[in-house]
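Here is the structure we will look at, set down as C-alpha cells.
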Amino acid sequence: MERNQFALYQLKRTPENRMIRFRPYETLQENHIQVRYENYEQRYLGQMKRGETPTEIRKRLNERPPRSFSGHSVSVSDVLILNQDGEIASYYVEKEGFVVLAGFIRQGSSGALISCDTTDFHIEGKAGSWLAYDSIVIDGREFFLMEHTVYGSQAANVVLDADGKLVADNVFHGFDDTVQKQIREYLNPGATEAVQATQKKPALETWQKAYENGEYLRSAEITEEQNYNMIDGRMNNLPPKPRKIGKRISVLDRLHLKQAELAKRDKGTVPQMAAEEEMERRRK
C-alpha cells in the first residue's frame, strides 16, 4: 500500500450494532463497550495530502463525496484511519472532533489497511488501483486475492496479506494449489529449506551402498561378483582392470582372471572351488 492514504470504517448493518451506532465514545465507555474492528467494514480508501488532518478529510468527504464512496456521510461512531509516511493512527468520530483509538486495527510493517471491502487499494510498484474480491485463511491468517479495478479479469491478479504485503504475483487461477503453496512458504520460509536439506542424500561409499541394498541382494551379489569391492548394487560387474608391476600382471590379478574364466566355463561351480580343482588336477 502506498503511504499517505486514509480509510473510513463504518459499523456493519447488523442487529447487534444497532445499540452502538451513532453513539458517542463516552457513552460506549460508560456501558463498558469496546470499539472493535470486527464490528466495522471499510467503506472508502483514498489518497491524502501530506499533513492533511482528520478534520480536513472529514470535511472533504462530506462536501465532495467520491463516486466510489458507498457509505453514509461521516458521522459519530465512524472510525477514520490515517497512514502518514507509514505511521498509522485511528480516530473515533465524535460530533465535534475525534477520539484517538489504540489498537483498533492490526498494524503491519507496510502500514496497510485492507479487508474484503477494500476497493481502491494502491500497491507499491504496481500501476492503478486494486480491489479485493476473494480471501482465504491459512494457518490462522487471512490473505486477499486482488483484482485490478480497470482491467479486471484481463490482467493477472495478486495475493496480499492483511498488511498489504505482496505474497504471490501473476496469479491467474485464484487460490489454486500453486498459490496456496506460495502462501505456506511465505508463512514458513525455513520449512522449505529444511525439507530440501533432508531430501538431499549424501554420497555413499561402496560398502554403504551394499548395506542399503538389503541382505537378499547382498547375498546374491556375493555369489556372482569377483571380489567384495564390487558389492555395490549391480550384478555381474566386470573384474577390475589388471594392475601391472613393470611389464607383468600381478599374481592376485591373474588369479582373479582365472577365476572369472573358470566361473564362465563352469557356471554352477563356485570360482574358488574351481580354481582349487584345477590346481589339484595339474599336480596329478
Q) What order do ARG184, ARG141 take when sorted by accessible area (1.4 Å probe), most exposed first? A) ARG184, ARG141
Q: Just reorder SER90, SER135 by solvent-accessible area, largest first, 1.4 Å probe, all chains present.
A: SER135, SER90
(Q) Please list, ordered by chain and number, the residues whose modelled amide H lies under 5 Å from the amide H of THR118; skip anything fewer than 5 residues away on the same chain. (A) ALA132
Q. Taking 0.36 nm per intervening residue step and subtracting the Cα-Cα distance, what contour gain separates HIS32 from ARG141 on full extension?
A. 36.4 nm
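The values are calculated or read from the model by the stated rules, or taken from the named source; none is laboratory data. No experiment lies behind these values; they were computed from the predicted model shown. For the accessible areas, the whole protein counts, side chains as well, though only heavy atoms, and no ligand, DNA or RNA atoms are used. Shrake-Rupley method; radii C 1.70, N 1.55, O 1.52, S 1.80 Å.
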